[in-house]
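Just below is one structure, and these are the notes that go with it.
Just so it is clear, none of the values below were taken in a lab; they were calculated from the coordinates. As the structure is a computational prediction, the values presented were derived from the model and not from experiment. Positions of Cβ are backbone-derived with ideal geometry, glycine not excepted, and every protein chain shown enters the neighbour counts.
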Amino acid sequence: MPVDFDSYIERFNKALQAVSREAVQKVADLLAEARHRQSMVFLIGNGGSGAAASHACEDLAKGTLRDFERQRRLRALSLTDNTPAILAWANDEGYERVFVEQLRTYARPGDLLIAISGSGNSPNVLEAVRWANRNGLKTIGVTGYDGGKLYREAQVQLHVPVNDMGIAEAVHGVLFHYLVAALVERFAGEDGLAAQS
């Protein structure tokens, strides 16, 4: 039987409403803190979550700016986008190492890792989060379903409690777009641009 659009929207809205407001605020605060400290923000994920990492990275790095010349920038990098590095590590050491080995190259204590996994059980994402936790990074898990292992292992959970990958990923997109909208105003105020439109 075809999915009814109204019921789909109802399920989407229910999942969005179930997201913790406190968690969203905590993620916004961690991103603002990373910008203030000039720490790196790394994003990782597989498949649709990998695409979300790339999209959110671009939005965080560029979309949070109102004045390209005068504002401090949020330093964000998606580790899903260096295809040669991913292929080299996957070929030589296994796909579970494609993110953690990049973190070993680029990350420093105090940096922030945003790990996106609808199921919360992607081995390469979990390897990266475990390494980050051991090496002084702050970790955020962005999940769906019951959150999986990532929900338990990330320091901060941005969780969409819905057993539907498409809806979880769609809500993740809304959450990232909200964060960018909130941060552009916050950063403008911090940089003395609040009066501009």
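If I stretch the segment between R130 and K14 completely, what's the gain in nm (0.36 nm per residue apart, minus their alpha carbon distance), one decimal? Intermediate results must be reported in sequence, preceding the final value.
On the way: separation 116, 0.36 × 116 = 41.76 nm, distance 3.13 nm.
Answer, rounded to one decimal: 38.6 nm.
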Checklist outcome for this item: The extension gain from Y106 to N82, computed as 0.36 nm times the residue separation minus the Cα-Cα distance, is 7.4 nm
Item to check | Residue-averaged [θ]222 nm for the chain, counting only DSSP H segments that reach four residues, each worth -39500 (n - 2.57) | outcome: -16500 deg cm²/dmol
Checklist entry - Quick one: if you stick a label point 7 Å off each Cα along the C-beta vector at Q25 and D146, how many nm between them? => result 3.0 nm
Next on the checklist: On the principal axes of its Cα set, how long, how wide and how thick is segment 27-82? Give whole Å, largest value first.
Outcome noted: 35, 20, 19
Next on the checklist: Using amide H atoms built in the peptide plane, which far-off residues or other-chain residues are under 5 Å from L158 H to H?
Outcome noted: G141, V142, T143
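Give me the percent of Cα-Cα pairs in segment 93-197 that sit more than 20 Å apart, rounded to a whole number. Could the numbers behind the result be given before it?
Working: 2638 of 5460 pairs.
Result for the distance tail: 48 percent.
Hydropathy at least -1.0 by Kyte-Doolittle, axial extent at least 20 angstrom from the Cα trace: which helices of the chain, defined as entire DSSP H runs, fit?
Numbers: long enough: 21-37 (24 Å, -0.67); 165-190 (37 Å, 0.97).
Sorted by number, the helices that extend far enough and score high enough are 21-37, 165-190.
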Checklist entry - Hey, got the dipole for the chain? About the Cα centre, +1 on K and R Cβ, -1 on D and E Cβ, debye to the nearest 20? => result 660 debye
Checklist outcome for this item: Once the dipole of segment 27-190 is set up from charges on Cβ (+1 Lys and Arg, -1 Asp and Glu), the residue from the list I167, Y95, I140 lying farthest towards its positive end is I140
Checklist entry - Alpha carbon centre of segment 63-114 versus segment 141-197: separation in Å? => result 18 Å
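Take the Cα radius of gyration of segment 78-123 and divide it by 2.2 N^0.38 Å, with N its residue count; two decimals is plenty. Walk me through the numbers on the way to the answer.
Working: Rg = 11.1 Å, N = 46, 2.2 N^0.38 = 9.4 Å.
Here the answer is 1.18, to two decimals.
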